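Please treat every number below as a calculation from the coordinates, not as lab data. Bear in mind the structure is a predicted one, so any value in this text is a computation, not a measurement. With ideal geometry, Cβ positions are generated from the backbone for all residues, glycine too; neighbour counts draw on all protein chains shown.
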């Protein structure tokens, strides 16, 4: 029956299910007449090496077929390598079909199955089938001799065995790669904890996390911006509106930094009155008055001043910044008692 | 438009706006102080927008309008809004004449150049609606006939901010139809002294006609020509958007105080009023100062306050100031 099951699986795989019934019949007939030598039919032989194995060992089942070149045979399929073909047997690997010998039109081919077994016992494997096809003939041929396999197991004499304790783990020397990951994660955790503590301390002291860049005096920013703007040659290219917008923006930013006036959000009139309140000298005030008046006309009334006017207002702005800039000595808080004032020597030292 | 155009426009506006000084002078003869009120009346007159006046009684609201109508030589009517006032009392009605055996039209006081709707919030909604409809459509339908209102047509409605009992506050949608909401404050000490002296003299000064309604209509056309740069338009849009989405203008602190911002009508009114203000200042172009000068009057009644703002005693005035101080000036 073992062979019948193989055959059935084989038939299923080769999709000859339509003639399955006929084949089963043929198989029985084949069995009846298999002992009778038939001239012209392929000869099938099978062998197992070794035929006695220790449990779990591997053995090789080799099926050889001697046949005419024109004859077609198909070896049995016990399943994929690695799959258990029977409850007790497992196919480990299947070799490719190998040609062993060739003489004229006659040649011998073989297929080897490497198998294993994990159950002790004596097994009668029977004869192995090969499907034979020749023109209109389809038949199953069997190996001549039935095969058997003995699977032995270990013989343990329990009377002589001593009960021993479980072996302790083997101590191997510690290697860096084993602790490398722990070390890295540990260092990262330490770094994060350190950063957290540092931030906490900084926040508690209300200090800035990043060291503030020394603030640039407003006149430095303004002069640089004015020079950059001048290099752009805006009014020379007909961009009067852009020129005056940029010019007033620079001055507005400067006024914010220099006098603390929110000039960015102020109208020209508001800036004028704020400058008046800031106690600007008449010359400086007039410069700004001219600038904002002309800028308003250019920005909002499409007025195009002449080149002289453009340059004059640029110079006015430049010298306004230069003349009103805060000198370093002016930045020192003036409110000091006379006794606290540095002496002449002290001043010299400071210098 | 080039340099010559703007010069020409400036010159034309300087000529056309000459009456402004005369008008101011005539009004100044009668009204002491209240410069802002007079300017607002002129803005409304020149831009064709109606004005809602809010102030305690006795601040010369009626006198200012009467004087303006005298100076313009226009027809003036005053309607005292009361709870029993009917729409027909306002717009007019059809009266059956037994003599001619037909209905004749009796036009109401709304048929005037200047209409003073005194204490508009004293009348129920149907009367308010009748007036507001006339304001919007500038025409009135009596019976089957539609009558256009005289031009210029300017409604000045007053509200008393103190007494709120038994009043019918104007809904937001109707308040929005007023171009400006002007809050009138008490005169200064010196002005008050002059008012006393003026009233003690026995003869009260009277404004003389310095301009005709037709001149006003011509002036309106010139006001429309006042040049408004794209930068100013953007500035106006920024202000209006700041009332709607303050957080986009770094005004997160007032987000929770505004329930609704200015409508597109607010943008239109702000632009028109800015042009009129520039005209009054005898300029042919609008500058940011003009926008800021009228922003409070245009937006005051167009910003909805939340309960939070009311609880904090924050007015729309404060919010507008905050917005104007934050939005970048071009």
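Ratio of alpha-carbon Rg to the 2.2 N^0.38 Å globular estimate for region B:13-76, to two decimals, please.
1.09
Average the reciprocal distances over every distinct pair of alpha-carbons in region A:41-152, invert the result, and give the Kirkwood radius in Å.
14.7
Tell me, what is the percent relative contact order of region B:104-229, built from C-alpha pairs under 8 Å that lie six or more residues apart?
After rounding, I find 28 percent.
When A:235, A:198 are ordered from fewest to most other Cβ atoms inside 10 Å of their Cβ, what list results?
In increasing order of surrounding Cβ atoms, one gets A:198, A:235.
Given R₀ = 22 Å, FRET efficiency for residue B:94-residue B:167 by Cβ-Cβ distance, to 0.05?
Efficiency, from the Cβ-Cβ distance: 0.10.
Cα atoms only: what Rg and Dmax, in Å, come out for the protein assembly as shown?
Gyration radius and largest Cα-Cα distance of the protein assembly as shown: 52.6, 158 Å.
What is the fewest-to-most order of B:61, A:168 by other Cβ atoms lying within 10 Å of their Cβ?
Listed from fewest to most nearby Cβ atoms, that is A:168, B:61.
From the Cα gyration tensor of chain B, with a ≥ b ≥ c the square roots of its eigenvalues, which class applies: rounded if a/c is under 1.5, or else prolate if a/b is larger than b/c, or else oblate?
It comes out rounded by the Cα gyration axes.
Can you list the equivalent-ellipsoid semi-axes of region B:149-298, largest first and in whole Å, using the square root of 5 times each Cα gyration tensor eigenvalue?
31, 24, 17
Full-extension gain between residue A:55 and residue A:221, please, as 0.36 nm times their residue separation minus the C-alpha to C-alpha distance.
Extending this stretch completely gives an extra 50.7 nm.
Using only C-alpha atoms and all pairs of different ones, pull out the Kirkwood radius for region A:218-328 in Å with one decimal.
Every distinct Cα pair counted, the radius reaches 13.9 Å.
Output the Kirkwood hydrodynamic radius of region A:141-232, Cα pairs only, in Å rounded to one decimal.
With all distinct Cα pairs of region A:141-232 included, I get 24.2 Å.
Which distance in nm do the two modelled labels at residue B:103 and residue A:192 give, with both placed 7 Å along the Cα-to-Cβ direction?
Taking the simple label geometry, residue B:103 and residue A:192 are separated by 8.6 nm.
Using only the alpha-carbon atoms, what does region B:22-215 span along each of its principal axes? Please give whole angstrom values in decreasing order.
59, 38, 32
Kindly state, to the nearest 0.05, the FRET efficiency for residue B:138 paired with residue A:236, given R0 = 51 Å and r defined as their beta-carbon distance.
0.50
At 20 °C and 1.002 mPa s, what whole-number value in µm²/s does Stokes-Einstein give for the translational diffusion of region B:227-326, with Rh from the Kirkwood sum over Cα pairs?
Roughly 157 µm²/s, to the nearest whole number.
Among B:79, A:97, B:211, which comes first, then next, by fewest other beta-carbon atoms within 10 Å?
A:97, B:211, B:79
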